[in-house]
1. What is the log10 of I(q)/I(0) for the range 2-143, computed with the Debye formula using one identical point scatterer on each Cα and no solvent, at q = 0.13 Å⁻¹?
2. Measure of size requested: the Rg and Dmax of the range 9-89, with Cα atoms as the atom set and Å as the unit; please supply both.
3. What whole number of Å gives the distance from the Cα centroid of the range 84-144 to the Cα centroid of the range 1-26?
4. Taking only pairs that are 8 or more places apart or on different chains, how many Lys pairs in the range 17-119 have Cα atoms under 24 angstrom apart?
5. Where a Cα-Cα gap under 16 Å defines reach, which lysines qualify for Lys127, not counting those fewer than 8 residues away within the same chain?
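Laboratory data are not the source of any read-out in this text; all were calculated from the coordinates shown. Everything numeric in this text was worked out from a predicted model, so none of it was measured.
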Amino acid sequence: MKTLVENRKAHYEYAIDDRLTAGIVLSGPEVKSLKSGQGSLSGAYIIIRGSEAFLTNTHISPYKFAGGMSNYNPERERKLLLNKRELDTLIGKEKGTVIIPLAITETDNGLVKVVVGIGHGKKKYDKRESIKKRETDRKIRRFL
């Protein structure tokens, strides 16, 4: 799978416990825009309304070669395509659990999927640990 858009801050802000892949409902120009790298997942999250999951606060820029998109909203909610079992796992999580998109990927046959992470927020000392680990890894790579 090819990664189109990645949420770079997700692993810094949250401790991810579980992952699952979901389809997403997009229009044609939105797919073209994502495949050309014109999307952002910073600040994006997933809400569950009724028995459906929606991707919220994701910015997908309008495709520049698509005509007739005068009333296009780049940050609209987009429905996620999950089966009943996957929705039950999302709904059944305890309080304090966050559901965030980690990446938008393209499958080998051209479908666009969202990699969803289920986890909890990191405390300040956890973030310091990840910074310290990243710095030591850098020093080791430089030395080698």
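1. Taken in order of the listed q values, log10 I(q)/I(0) reads -0.64.
2. For the range 9-89, the Cα radius of gyration and maximum Cα-Cα distance read 14.2, 42 Å.
3. Using only Cα atoms to place each centre, the spacing works out to 6 Å.
4. Count of close lysine pairs: 15.
5. Hits, sequence-local ones excluded: Lys9.
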